[in-house]
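After the structure tokens below, expect a handful of questions from me.
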Amino acid sequence: MKWLAKTIREERRALERARRRFIRKPSEKRLHDVRTTGRRFRSLLEDVADLAPAKRLLSRIKRAAAATDAARDATIILRLLERSVDAIEVEAAQPLLDELRKQEALATRLARTHLQRARF
Amino acid sequence: MKPHRVDLRDVAGLHEVVERVVKTRLREVRALAAGLERRDRQGLHDFRIASKRLRYALERFEALEPSLQAAAERLASLQDALGEAHDRDVLLAILPPAMGATQRRLQREREESVDQAVGLWNALSSYLNDSLIG
């Protein structure tokens, strides 16, 4: 199963590259890349667990994903609220917008801290 | 929701791996399609995650089995619609009561996205039934 070994190697490298890029300069796009490559790699390892067991690596990937959830959620919800808020409710939305911006900044810092320690 | 184990013991080759993975992930999606019909938040979420796993499997294997590409593309559109509905569910859960107009708009958009997802899934489901992987 050379193809499988090669695919695992490539997806692992892709995740590690995405992780390093995010740590160097965190951004919404780079966080998205870490999460997407992580999900794809996790899905591969789960699919072929009978042929290539990787429990510890899977756990690390899951922990890294969990560490980035809050940042991604805050970003997505913030962007959606910014473009959805009704004109007559801009004032009522302000406290939630402020809170989401704070959450986004804090959660992104925490995600970076976690990913600095993680290795794939 | 944990993915089902794919039984790959005694597989004879890579094409059998592809077939077993795709069939297992497709069974998961079909088993959770009732969540899409119910239109509730948790049901939609579980269906979305399962269909994402199927999509990743199809995209990964399409280099080996090009016939999977069309289904993967349709699943990507389904994912987009489900993602739009999910994002609105998350925001609706934390929206202050004083934002009724925004809430109604988000609710309407959410239902439109679910309608779109239902249409896409119905078409995709028939397509998969007619294809080799169904």
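Once you have the Kirkwood Rh of region A:2-117 from its Cα pairs, apply Stokes-Einstein at 4 °C and 1.567 mPa s and quote D in µm²/s. Mind showing how you got there, number by number?
On the way: Rh = 15.6 Å.
D, rounded to a whole number, is 83 µm²/s.
Only counting other Cβ atoms within 10 Å, I'd like B:106, A:110 sorted with the fewest neighbours first.
On the way: B:106 22, A:110 14.
If I rank by nearby Cβ atoms, fewest first, I get A:110, B:106.
With unit charges on the beta carbon (Lys/Arg positive, Asp/Glu negative), name the residue among A:26, A:49, A:36 whose Cα is farthest towards the positive pole of the charge dipole of region A:2-117.
Going by the Cα projections, it comes out as A:49.
Kindly write out, for region B:27-34 in residue order, the coupling ³J(HN,Hα) from the Karplus curve 6.51 cos²θ - 1.76 cosθ + 1.60 (θ = phi - 60°), rounded to whole Hz, with x marking Gly and Pro.
4, 4, 4, 4, 5, 9, 5, 4
If I take every Cα pair under 8 Å that is 6 or more residues apart in region B:14-130, average their sequence separation and divide by the length, what percent do I get for the relative contact order? Walk me through the numbers on the way to the answer.
Values: 98 pairs, mean separation 28.0, N = 117.
Relative contact order here is 24 percent.
Same structure again: Under the Karplus relation 6.51 cos²θ - 1.76 cosθ + 1.60, θ = phi - 60°, what is the ordered set of whole-Hz ³J(HN,Hα) values for region B:66-78, x standing for Gly and Pro?
Residue by residue, region B:66-78 yields x, 5, 7, 4, 4, 5, 4, 5, 5, 5, 4, 5, 4 Hz.
Among B:95, B:118, B:85, whose Cα lies farthest out toward the positive end of the dipole of chain B, if unit charges sit on the beta carbon of Lys, Arg (+1) and Asp, Glu (-1)?
Positive-most Cα among the choices belongs to B:95.
Moving on. When the dipole is taken about the Cα centre of region A:2-117, and only Lys, Arg (+1) and Asp, Glu (-1) are charged at their Cβ, what size is it in debye, to the nearest 20?
On the way: 30 positive and 17 negative charges, 261 e Å.
Around 1260 debye, computed over region A:2-117.
With θ taken as phi - 60° and the coefficients 6.51, -1.76 and 1.60, list the Karplus ³J(HN,Hα) couplings across region B:105-116 in order, rounded to whole Hz; mark glycine and proline as x.
The phi angles translate into 5, 5, 5, 5, 4, 4, 5, 5, 5, 5, 4, 4 Hz.
If you don't mind, there's one more thing I want to ask. Would you give the gap between the C-alpha center of region A:15-32 and the C-alpha center of region B:68-134, rounded to a whole Å?
28 Å
Moving on. Using a 10 angstrom cutoff on alpha carbons, build the Gaussian network for chain B and name the most mobile of B:48, B:25, B:104.
Maximum fluctuation in the GNM of chain B, among the listed residues, is at B:104.
So if I place +1 on the C-beta of Lys and Arg and -1 on the C-beta of Asp and Glu, and nothing else carries charge, what would the dipole magnitude of the protein assembly as shown be about its Cα centre? I want it in debye, nearest 20. Don't jump to the answer; show the numbers that get you there.
Working: 53 positive and 38 negative charges, 357 e Å.
In total the dipole reaches around 1720 debye.
Based only on other Cβ atoms within 10 Å, what is the fewest-to-most ordering of B:60, A:30?
Ranking B:60, A:30 by Cβ neighbours within 10 Å, fewest first, gives A:30, B:60.
With all pairs of different alpha carbon atoms counted, what Kirkwood hydrodynamic radius in Å does region B:14-130 show? Could you put the intermediate results ahead of the total?
On the way: mean 1/r = 0.0668 Å⁻¹.
This gives a value of 15.0 Å.
By how many degrees, 0 to 90 and rounded to 10, does the Cα axis of helix B:41-61 deviate from the longest principal axis of chain B?
Helix B:41-61 and the main axis of chain B meet at about 30 degrees.
Would you mind getting the Kirkwood hydrodynamic radius of the protein assembly as shown from its Cα pairs, rounded to one decimal in Å? Intermediate values should be presented prior to the final figure.
Working: mean 1/r = 0.0508 Å⁻¹.
That comes to 19.7 Å for the protein assembly as shown.
Using the number of other C-beta atoms within 10 angstrom as an exposure proxy, rank B:36, B:54 with the fewest first. Kindly include the intermediate steps, with their values, before the conclusion.
Values: B:36 24, B:54 27.
If I rank by nearby Cβ atoms, fewest first, I get B:36, B:54.
Return the subset of A:62/B:52; B:2/B:52; B:2/B:23; B:23/B:52; A:6/B:52; A:62/B:2 for which the Cα-Cα distance in this structure is over 19 Å, preserving the input order.
A:6/B:52
Read the figures in this text as sums done on the coordinates, not as results from a lab. All figures in this text were calculated on a predicted structure; none of them were measured in a lab. In this analysis, Cβ positions are derived from the backbone assuming ideal geometry, glycine residues included, and neighbour counts consider all displayed protein chains.
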